[in-house]
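Notes to accompany the following structure.
The values are calculated or read from the model by the stated rules, or taken from the named source; none is laboratory data. None of the values given here were measured: they were computed from a predicted structure. Methodologically, a virtual Cβ is constructed for each residue, glycine included, from the backbone with ideal geometry; neighbour enumeration extends over all protein chains shown. Only protein heavy atoms, including side chains, enter the accessible area calculation; ligands, DNA and RNA are left aside. Shrake-Rupley method; radii C 1.70, N 1.55, O 1.52, S 1.80 Å.
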Amino acid sequence: MADVFSARFRSEIMSRIRSKGNRATEQRLRTLMRSRGIVGWRRNQTVFGSPDFVFRASRLAVFVDGCFWHGCPIHCSTPVSNRAFWRRKLSANRTRDLHVNRALRKKGWRVLRIWQHDLAKRPDWCVSRIMRALAEQSRLRLIEAHPRQPRNETTHSLAKSSCRASTNSAS
């Protein structure tokens, strides 16, 4: 059936349609995180780059990237029709992803990107990556909250000698 709109008008209509994410893939990760007891995440937060999952307390941004739209090196293939357009489009998406990663890291966020194919084939590995990132962030927060004092050799040797003296006097 022929399109009732001209190519230009159809293009204008389609350009106004905005995606709300890859719901099935994001839903799969959400289900996995809930089943593993991972808490503290939010969706649809106002964080630069619009991460799919945000752990504000840990400053972790998780993106679930579709293989086609984000140019997966394993599964992405340029469509046969309108190749020039798709090359530009997919290249711009990859460039934007790099820009978002750099900007978030500059602001102190850790960025974790999960490929759609990894979520489908290795879900446990994806969840363990999130758990490791959260554990690392909490370990770093502990270090920041309780920094080790630099050792002064004189103070350190005095403390050792006073400790020896107190143990010797006790015997």
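For (1) of a type in the set (Lys, Arg); (2) in contact with a strand residue (DSSP E or B) (Cβ under 8 Å, 6 or more places away or on another chain), each residue gets a yes or a no:
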{"residue": "Val54", "(1), (2)": "no, yes"}
{"residue": "Ser81", "(1), (2)": "no, no"}
{"residue": "Ser91", "(1), (2)": "no, no"}
{"residue": "Arg96", "(1), (2)": "yes, no"}
{"residue": "Asn101", "(1), (2)": "no, yes"}
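Being touching a Pro at 6+ places or on another chain (Cβ under 8 Å) and in contact (Cβ under 8 Å) with a residue 24 or more places away in the chain is the requirement here; does Val62 meet it? For Val62, the condition - touching a Pro at 6+ places or on another chain (Cβ under 8 Å) and in contact (Cβ under 8 Å) with a residue 24 or more places away in the chain - is met. Condition test on Arg110, is it closer than 28 Å to Asp124 by Cβ, among the basic types (Lys, Arg), open to solvent by 90 Å² or more (accessible area, probe 1.4 Å) and touching a residue at least 24 places away in the same chain (Cβ under 8 Å)? Answer is yes for this residue. Would you confirm whether any residue within the range 2-17 is in a loop (DSSP other than H, G, I, E, B) and closer than 22 Å to Ile114 by Cβ? Checked against the condition, which is being in a loop (DSSP other than H, G, I, E, B) and closer than 22 Å to Ile114 by Cβ, the range 2-17 yields no hits at all. For the range 23-39, taking the residues that are touching a helix residue (DSSP H, G or I) at 6+ places or on another chain (Cβ under 7 Å) and not aliphatic (A, V, I, L, M), the one that is surrounded by the fewest Cβ atoms within 10 Å (Cβ to Cβ) is identified as Arg36. Remark: Gln116 matches the filter, which requires a residue to be touching a Gly at 6+ places or on another chain (Cβ under 6 Å), open to solvent by less than 100 Å² (accessible area, probe 1.4 Å) and either within 30 Å of Gly37 (Cα to Cα) or modelled with pLDDT of 90 or more (or both). Among the residues of the range 40-82, the one identified as open to solvent by less than 50 Å² (accessible area, probe 1.4 Å), assigned to a loop (DSSP other than H, G, I, E, B), β-branched (Val, Ile, Thr) and more than 30 Å from Ala7 (Cβ to Cβ) is Val47.
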